1. Looking at the structure I just gave you, is residue 132 surrounded by 19 or more Cβ atoms within 10 Å (Cβ to Cβ) and closer than 15 Å to residue 187 by Cβ?
2. When you check residue 171 against the structure, is it assigned to a helix (DSSP H, G or I) and modelled with pLDDT of 95 or more, yes or no?
3. Residue 107: under 21 Å from residue 138 (Cα atoms) and part of a helix (DSSP H, G or I), yes or no?
4. Say we look at segment 111-126 and pick out the residues that are closer than 20 Å to residue 175 by Cα and assigned to a loop (DSSP other than H, G, I, E, B); which of these is nearest to the chain's Cα centre (by Cα)?
5. Looking at (1) surrounded by fewer than 18 Cβ atoms within 10 Å (Cβ to Cβ); (2) in a helix (DSSP H, G or I), can you tell me which one residue 44 breaks?
6. For segment 87-101, does any single residue satisfy the condition of being surrounded by 16 or more Cβ atoms within 10 Å (Cβ to Cβ), at pLDDT below 95 and closer than 20 Å to residue 60 by Cα?
7. Of all residues in segment 141-177, which are within 14 Å of residue 58 (Cβ to Cβ) and without any contact (Cβ under 8 Å) to a residue 24 or more places away in the chain?
8. Take residue 196 and tell me if it is closer than 13 Å to residue 97 by Cβ and either in contact with a helix residue (DSSP H, G or I) (Cβ under 8 Å, 6 or more places away or on another chain) or surrounded by 11 or more Cβ atoms within 10 Å (Cβ to Cβ) (or both).
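The values are calculated or read from the model by the stated rules, or taken from the named source; none is laboratory data. Keep in mind it's a predicted model, so treat the numbers as computed, not measured. We place every Cβ from the backbone using ideal geometry, glycine too, and count neighbours over all the protein chains shown.
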């Protein structure tokens with residue numbers, strides 16, 4: 001009798017302990033229950049993977065001298081684009097170009113969040129190209145001028161747009177400029193620009209921006 005009572009008591013205690021436990025199943029990878037990064041975090045990580053390892057050397061290899069681009073544009077945007085540019089397949093997409101050059105600072109806005117630097121590359125005292133410094137960097141030129149970044153590799157347009165923003169952020173973070181007024185100082189650059197017409201001002205997102213010797 002005592003043995004039976006002991007068994008019943010043990011079973012009761014075990015059932016009580018089980019009732020106090022909460023069983024949480026391990027979610028399958030990729031399921032909605034799994035901890036997932038946000039689109040912003042995933043695209044920031046992707047930008048970190050490809051920016052220095054692929055994009056910067058790609059620009060260095062493919063960039064054309066700025067005078068080559070400006071001369072080509074005299075024959076029209078499409079002619080210059082076919083010779084030196086790249087654009088998405090979508091109808092009406094702008095041309096994107098990888099360019100490099102050197103110039104003297106004739107103006108800089110470093111107070112705005114969309115900070116810029118204007119360079120005279122021809123020696124006439126007039127700005128020929130504007131370098132975007134950020135932290136707000138406009139456009140998708142860095143993404144769209146790289147032929148190894150393909151839209152179909154990404155989930156949708158939203159994710160693709162966030163990749164462009166993350167690459168722009170990387171470009172901004174890589175810029176190291178001296179303090180104070182930059183006017184009169186010389187810099188060399190490599191980067192990407194987007195043009196919708198041959199007369200558009202050249203607005204470059206730099207992958208290289210450094211003092212010129």
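1. yes
2. Here the answer is yes, as residue 171 does meet what is asked.
3. No; evaluated as a whole, the condition is false for this residue.
4. Filtering first and then ranking leaves 113.
5. (1)
6. There is at least one residue in segment 87-101 that is surrounded by 16 or more Cβ atoms within 10 Å (Cβ to Cβ), at pLDDT below 95 and closer than 20 Å to residue 60 by Cα.
7. 150
8. Yes; evaluated as a whole, the condition is true for this residue.
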